[in-house]
Amino acid sequence: MFFRMLIESFVRRRSRKLLAVAAVWIGLSLVIGLLALGLDVGDKLNREMRSFGANIQLQPAEAAVDVRVGGYELVAPGRTVYLDEADLPRLKQIFWRNNILAFAPRLTTQARLAGRSVPLVGTWFNHHVLLEDADPFVTGAAEVFPYWQARGAWPMNPESCLVGAALAQELDLGPGDRVELTTDQRSTSVRIVGVLTSGKDEDEAIVAPLSVVQRLAGLPGKVAEVQIAALTTPENKLAERYGRDPQSLTPAEYERWVCTPYPGSVAADIQNAVPGSSARVVRRVAETQGAVLGRIDGLMLLLGIFVLIASTLSIMGVLSSAVLERRGEVALLQAVGAHRADVLRLFLTEAVAIGLAGGVLAALTGQVLGGWLLRVIFDSASEPHGVLLILAPLLGLLIAVAASVPPVWRTVHQQAARLLRGV
Amino acid sequence: MNQSAVLLEYVTRAYPGGVRAVDGVNLKIALGEWVALMGPSGSGKTTLLNLLDGLDRPTDGCVHVMGQNLLQLDVDEAATFRRENVGLIFQQFHLVSYLTAVENVMLAQYYHSMVDKQEALLALERVQLADRAHHLPSQLSGGEQQRVCIARALINDPKIILADEPTGNLDEDNADRVVKIFQRLHREGRTLVIATHDPDLGRLAQRIVCLRHGQIVEECSPDGSDAAPRATGAGASHDRDVMHVTAS
């Protein structure tokens, strides 16, 4: 009889029940949509903030340590150390390989051009990094430094190069011009395909494919440094403690540090992978990204809490009034012999069914809503979040039960006689 | 006391603000007796019925029904007492809107013991509603709904039937049908306490208890031959106020 009452209540009062399910569905869809957006927004913002440039810099270990004693440099003068270009594919084989969004090596030397010495910068352009058991990883300066603007084209072969905007103006050079670059070792002729504006030193340099500069510098297969754009998590107190004193972390905390993509832990992973290297977090970039992401996360959390409260209140309003309009039925059940627990069980089972139905629908539409917001704001597609498929029905159930218990509880504790008389 | 179905002693039901819906009532009803509670609106008839079925509690006095002191029962114990002993008939019928006639009858079975659809159909047949068993309350006339309410009240074979204006919302034909059901129940030996405005229904009772301002102002037999008009009140002695008029 219990299930008959339950089923008939849904079948024969379906418009009321549909209204209640719709209240849960719509209210929770907003919450789930916001949560879906919140789960993706950090990642998307992080990618957007690659425009700040690289946040990790990889250098030869010896070059990174500037050891001076009594004013004397301990590295022998004239001795420069380099990294091997052949080791760079290891960056995409580390634990945090999926967080490595782009990287570009750099080798700098001086070349003579039109009778004067100009900086010559070598890097990758649209470089295919060959990986074992994976598709080639395409990366280069344009990916690491999204703020680089090339008027013309990017160099796609060893006979082409970019000229910095300031140098181009000074020497009256432009796309299509051929220039002769000469170093102590060699000389080569390259065609300028674009004028580069970086806002930095490159504006006064010739920027050419890495292989060109390696040949001219007589350093085949060598790079001076690697700029890396990595997806990282804003540093928190744990990361700050590690930065101050790694020994202060307990084994469990260290484990958590290692397993979280803090800039420091990603840098440490990179350093371990590339022999003779030292990975350094570019604090200015990492901290700016961290501060922005931290604020966005806080904003999303606050927004999520407000939407959750607003939705919960509106759902509770609908469900509570649905229960209150059945006070006469509650009194009747008690009049024919139902205990308070019997009445509570009936109404709570209804609430569970309504909450679950609304929650399941909200799990689907909420994710669609979140995906739509992500597409509108970031022009990017979202992945379904399994956790929301579980969270939404659970939230629906909790809210529906929380909304139903107080009015049913109050009703079963009121004078049934008064309720039957409609007082 | 062993022979009484109802024993009220100095029963008062006062509401906040000082209104006394029932004021110092003493009343004894014998097993198998048919008593009509009559009086103007607001005289305390419905409140008195609610005190008898345990849906309401007196602010003073004692209520014994079928030998049970209802003041000793909490809300759930009172519900258990009701389903074991009392059949309730309401003026507004109070049927569950989304259950059919037979399901409404089965509802009382469910909370009493176990559901038996055949028995519920039989109960509807007894009130001449077998052909309307699978209709929703909204598809039934007032008289039919009242008969479903009666079938529900009778399904668990209650010892006492409390009816509040059972013919109040019915036309003459339907009222006659309901009256005949009550007569049959009385012949079967059930105790009936019926609050009514209907003098025709009141005349069928063995005893009429007249209420005014929450007090019993008169008790008499319907034919007037052994009428016992009397005033009762909170200040009257117990022996005088507890009055048992045997069936004529």
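The values are calculated or read from the model by the stated rules, or taken from the named source; none is laboratory data. Since this is a predicted model, take the numbers as computed values, not measurements. Backbone-built Cβ (ideal geometry, glycine too); neighbour counts: all protein chains shown. For the accessible areas, the whole protein counts, side chains as well, though only heavy atoms, and no ligand, DNA or RNA atoms are used. Shrake-Rupley method; radii C 1.70, N 1.55, O 1.52, S 1.80 Å.
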*Give me the lysines in straight-line cross-link reach of residue B:28: C-alpha distance below 16 Å, same-chain residues under 8 apart excluded.*
B:45, B:159
*Peptides A:319-328, A:375-384: what's the order by average Cβ count within 10 Å, highest mean first?*
A:319-328, A:375-384
_Cut-off 10 angstrom, C-alpha nodes, Gaussian network model of chain A. Which of A:229, A:22, A:362 fluctuates the most?_
A:22
*Is there a simple number for the mean count of other chain Cβ atoms within 10 Å of the Cβ of residues in B:46-55, and what is it?*
3
_Test item: B:77-86 mean partner chain Cβ contacts at 10 Å_ = 4
*For chain B, diffusion coefficient by Stokes-Einstein and Kirkwood Rh (Cα), 37 °C, 0.692 mPa s, µm²/s*: 180 µm²/s
*For chain B, which whole-number percentage of the solvent-accessible area (1.4 Å probe, protein heavy atoms only) is attributable to carbon and sulfur atoms?*
48 percent
*If a/c stays under 1.5 just call it rounded; otherwise compare a/b with b/c (prolate if a/b is bigger, oblate if not). Do that for the range A:173-235, with a ≥ b ≥ c from the square roots of the Cα gyration tensor eigenvalues.*
oblate
*Around residue A:225, which amide H atoms from residues at least 5 apart in sequence, or from another chain, sit under 5 Å from its own amide H, with H modelled in the peptide plane?*
A:106
*Relative to a virtual label point 7 Å from the Cα of residue B:141 in the Cα→beta-carbon direction, which members of the range B:159-185 show backbone nitrogen distances below 13 Å?*
B:170-178
*For chain A, what is the mean residue ellipticity at 222 nm derived from helices alone (per DSSP H run of n ≥ 4: -39500 (n - 2.57); sum divided by total residues; nearest 500 deg cm²/dmol)?*
-17000 deg cm²/dmol
*asked:* For chain B, set up a GNM with springs between Cα atoms under 10 Å and report which of B:23, B:164, B:76 has the largest fluctuation.
replied: B:76
*Sequence of A:5, B:66 when ordered by accessible area, the most exposed leading, probe 1.4 angstrom*: B:66, A:5
*Quantify how strongly other chains surround peptide A:323-336 by giving the mean number of their Cβ atoms within 10 Å of each of its Cβ atoms.*
5
*Ignoring ligands, DNA and RNA, how do A:92, B:180 rank by accessible area with a 1.4 Å probe, largest first?*
B:180, A:92
*In a solvent-free Debye calculation with one equal scatterer on each Cα, what is log10 I(q)/I(0) for the range A:55-281 at q = 0.09, 0.14, 0.18 Å⁻¹, listed in the order of the q values?*
-0.43, -0.93, -1.28
*For the protein assembly as shown, what is the charge dipole size about the Cα centre, in debye to the nearest 20, if Lys and Arg each add +1 at the Cβ and Asp and Glu each add -1 at the Cβ?*
380 debye
_Residue-count net charge about residue A:303 - beta-carbon cut-off 15 Å; Lys, Arg +1, Asp, Glu -1_ = -1
*At a Förster distance of 22 Å, what's the computed FRET efficiency of residue A:324 paired with residue A:15, Cβ-Cβ distance as r, to 0.05?*
0.80
*Give me the distance in nm between label points sitting 7 Å out from Cα along the Cα-to-Cβ direction at residue B:126 and residue A:177, one decimal.*
11.2 nm
*Indicate the helices, whole DSSP H runs only, in chain A that combine a mean Kyte-Doolittle hydropathy of 0.5 or more with a Cα extent along their long axis of 18 angstrom or more.*
A:14-48, A:283-324, A:340-378, A:386-412
*By how many nm would the segment from residue A:98 to residue A:368 lengthen if fully extended, with 0.36 nm per residue of separation less the alpha-carbon distance?*
94.6 nm
*What is the pair-distance distribution P(r) of the protein assembly as shown, computed from all Cα-Cα distances in 10 Å bins starting at 0, with each bin given as a whole percent?*
3, 12, 16, 13, 9, 7, 7, 7, 7, 7, 6, 4, 1, 0, 0
*What whole-number value in cubic angstrom gives the convex hull volume per residue for the C-alpha atoms of the range A:353-417?*
86 Å³
